[in-house]
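The values are calculated or read from the model by the stated rules, or taken from the named source; none is laboratory data. Only a predicted model underlies this, so the values are computations on that prediction, with no experimental measurement involved. Here the Cβ is made from the backbone with ideal geometry for all residues, glycine too, and neighbour counts use every protein chain on show. Accessible surface areas use protein heavy atoms only, side chains included; no ligands, DNA or RNA. Shrake-Rupley method; radii C 1.70, N 1.55, O 1.52, S 1.80 Å.
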Amino acid sequence: MIELEGLTKRYGEKVAVNNLTFTVRPGIVTGFLGPNGAGKSTTMRMILGLDHPTAGDVRIDGTHYHRLKNPLTYIGALLEAKGVHPGRSAYNHLLCLAQSNGIPPRRVHEVLDAVGLTAVARKKAKGFSLGMGQRLGIAAALLGDPRILMFDEPVNGLDPEGIHWIRTLMKSLAAQGRTVFVSSHLMSEMALTADHLVVIGQGRLLADTSMADFIERNSRSYVRVRSPQRERLLDVLHGGGMTAAESGDGALEVDGSTAEAIGELAARHQLTLHELSPQQASLEEAFMQLTAESVEYHAHTGAGTPAPPQQQWGASWTKG
Amino acid sequence: MTATQVVRSEWTKIRSVASTVWTLSLAVVVTIALGMLISALSRNEFDSLSAQDRAAFDPTFISFAGMSLGQLAMIVFGVLVVSNEYSTGMIRASLAAVPQRGTFLFSKLAVATALALVVSMATSFATFFLGQAMLGEHKASIGDDGVLRAVIGGGLYMTLIALFSMGVAAMLRSPMLSLGILMPFFFLISNILGNVDATKKVGRFLPDQAGSKIMQVVQPPDDDTPYGPWGGLGIMALWVAAALVGGYVLLKRRDAQ
């Protein structure tokens, strides 16, 4: 279990992490979601005691990180940066970390095997591809067989096979009852792996919810209808007890009904339809909406640094 | 978390990178080769020296002449041992594994210093004996007054240079910045400050100027240095202590990146 309480990090005037309070629970994958620069990595570094919080507190199983005896046996982390000496072999990289925490060398062979790097264990890390580097980082996280695992953007730079491997790994770790905390800037990635979701934007907590709740609340489903007899269609829909909204391109969006019901209703009134399609707003859209709101809130209160224009936020999303 | 575990881990780190081998080998080879060369040249020069210069002729000190260049490799060794952690990003993994930053830093320094001490002592004795062999009839003997102290002192001097560099690198973090300051300082600036009359009085309190006094056996007749060989090494040790305290305080206070 990881508990954050009012965790705050300020760099001069800039607030990177703003009063974060949430708990990461065992047995599930908790996704940590936010745009690039939202403060995810800073938060993770504070959890590991690498960065000192300006205010607030973070505890690992009720204890401060620096009080943990052999911390790698409590919490293993893959941080975003590669963080391996290029001239050192994968085996020696893991061995020095293992020795510092009293982990037997046999465990180094086990984790190398688990991530599929046994064949290149004696090779220098500088020859490793991005994917191999990620695997080495994951091997380091697994080294102490910890109850808590933290991954910062683990699928970055991986090929489809590697991505699939990481998703399966995270789910199986959680199924073993471990705490799994994984960051991403991609909602689609989280939707596939996470059971619980913590969303931050500009260092602030925006949502702390189960994945199912988030999907239910944020993925609006509706039916798109287009007809040359638009006015009549509106009347008919209204008569059928359905509310339709203009979509802006001449089509209508009908909430709370199905394509079948609308199609049959239109047929009964002999209306011509040019389009009849069920739609679902993507989670990605819901997510952009959420972070965009946080920006508006910032600008509205005028607190802290001036917020960047909203368009910039959207742009950072589509790029990611 | 025991210090023994961390020391073992740091030993694995230091023995598993190539820079350890090449920096230390370079320190040994350059110190000995240059010491032998200058010893051989001094032997040929001896007959043309004035009576005053002959009185100040210090065969022990001459055989250590290679250290002025060899110490630069020791500086690189000391800087890389510490700053590698930062330039590679390994520091985050290291401090996540060992959050007690004092234990981390001083285990690293202990391992690197022990290795530097072994290499430096061997180098010092080797350069002395090989240098004396080059000096022929003008040579000093290890049993002469103050010679053993000078040879052991030479080993301590090189070790302290490495340790000082580690402290500076712990403060500055960047290998390029650390080397960019230490190399010209020890190779040029310190020598200039120590030899120009106007700055001599201050210059001789610099770490290398004060520390190298330990390798001197024959006092030059006009020498008015206010400290003896061990006093000089003590001054150097104070510089080293200051660099280490600075490095420790900054490591403790800063975010790890």
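Points to keep in mind about this one:
- Taken residue by residue and averaged, Cβ atoms of other chains lying within 10 Å of the Cβ of A:134-141 number 1.
- Gyration tensor (alpha-carbon) shape descriptor, chain B, a/c threshold 1.5: prolate
- Highest average packing first - B:240-252, B:76-88, Cβ atoms within 10 Å: B:76-88, B:240-252
- Of all accessible heavy-atom area on chain B, the percent that carbon and sulfur account for (1.4 Å): 68 percent
- Within the listed set A:Gly162, A:Gly263, A:Gly87, the Gaussian network model of chain A (springs between alpha-carbon atoms below 10 Å) gives the highest mean-square fluctuation for A:Gly263.
- Positive-end extreme of charge dipole, segment A:2-216 - chosen from A:Phe181, A:Leu78, A:Ile215 (charges on Cβ): A:Leu78
- Averaged over peptide B:81-94, the number of partner chain Cβ atoms lying within 10 Å of each residue's Cβ comes to 5.
- Label point at A:Glu260 placed 7 Å out along Cα→Cβ; residues across segment A:199-234 whose backbone nitrogen lies under 17 Å: A:222-224
- Cα-centre dipole for chain B with unit charges at Cβ (Lys and Arg positive, Asp and Glu negative), debye to 20: 1300 debye
- Secondary structure note: in chain A, about 65% of the DSSP beta bridges are antiparallel.
- Cα-based helix-to-principal-axis angle, A:105-115 vs chain A, degrees rounded to 10: 20 degrees
- Accessible surface buried by the A/B pair amounts to about 2400 Å², both sides summed, 1.4 Å probe.
- Of all complete DSSP H helices in chain B, those with a Cα span along the helix axis of 20 Å or greater and a mean Kyte-Doolittle hydropathy of 0.0 or more are B:18-45, B:67-88, B:101-135, B:147-172, B:229-253.
- Those lysines that a straight Cα-Cα span of less than 26 Å connects to B:Lys139, excepting residues fewer than 8 apart in one chain: B:Lys213
- Solvent-accessible area, 1.4 Å probe, carbon plus sulfur percent, for chain A: 51 percent
- Around A:Leu237: net Lys/Arg minus Asp/Glu count, Cβ-Cβ under 15 Å: -3
- Across the protein assembly as shown, Cα-Cα pairs more than 35 Å apart make up 54 percent of the total.
- Three-way shape label, segment A:220-280, alpha-carbon gyration tensor, a/c 1.5: rounded
- Solvent-accessible surface of segment B:107-257, averaged per residue with a 1.4 angstrom probe and all protein chains in place: 44 square angstrom.
- Interface residues, segment A:78-112 - accessible area loss of 40 Å² or more versus chain alone, probe 1.4 Å: A:Gly83, A:His85, A:Arg88, A:Asn92, A:Cys96, A:Leu97, A:Gln99, A:Ser100
- Beta bridges per DSSP, both residues in the protein assembly as shown: antiparallel share near 65 percent.
- Put a dot 7 Å past the Cα of A:Arg122, heading toward its Cβ, do the same for A:Asp235, and the two dots end up 8.6 nm apart.
- In degrees, nearest ten, helix A:283-301 long axis to first principal axis of chain A (Cα): 90 degrees
- According to the Kirkwood relation over distinct C-alpha pairs, the hydrodynamic radius of chain A is 22.2 Å.
- Bridgeable lysines around B:Lys13 (alpha carbons under 22 Å apart, same-chain partners fewer than 8 residues away excluded): A:Lys69, A:Lys82, A:Lys123, A:Lys124, A:Lys126, B:Lys108, B:Lys252.
- Each of B:Ala56 and A:Ser247 was given a label point 7 Å from its Cα along the Cα-to-Cβ line. The distance between the two points is 9.6 nm.
- Per-peptide packing, taken as the mean over residues of other Cβ atoms within 10 Å, places A:26-35, B:105-114, A:66-75, B:17-26 in the sequence A:26-35, B:105-114, A:66-75, B:17-26 from highest down.
- Put simply, the amide H of A:Val180, placed in the peptide plane, has neighbours under 5 Å in A:Gly27, A:Ile28, A:Thr30, A:Leu149, leaving out anything fewer than 5 places away on its chain.
- Share of alpha-carbon pairs per 10 Å distance bin for segment B:69-215, given as whole %: 11, 33, 32, 18, 6, 1
- Per residue, segment A:35-105 exposes 33 Å² of accessible surface when a 1.4 Å probe is rolled over the protein heavy atoms with every protein chain present.
- Helix-only [θ]222 nm of chain A, DSSP H runs n ≥ 4, -39500 (n - 2.57) each, per residue, nearest 500: -11500 deg cm²/dmol
- Ordering of A:45-53, B:221-229, A:165-173 by packing [mean C-beta count within 10 Å, highest first]: A:45-53, A:165-173, B:221-229
- Cα-based reach from B:Lys200 at 14 Å (exclusive), listing aspartates and glutamates while leaving out same-chain residues under 8 positions away: B:Asp208, B:Asp222, B:Asp223, B:Asp224
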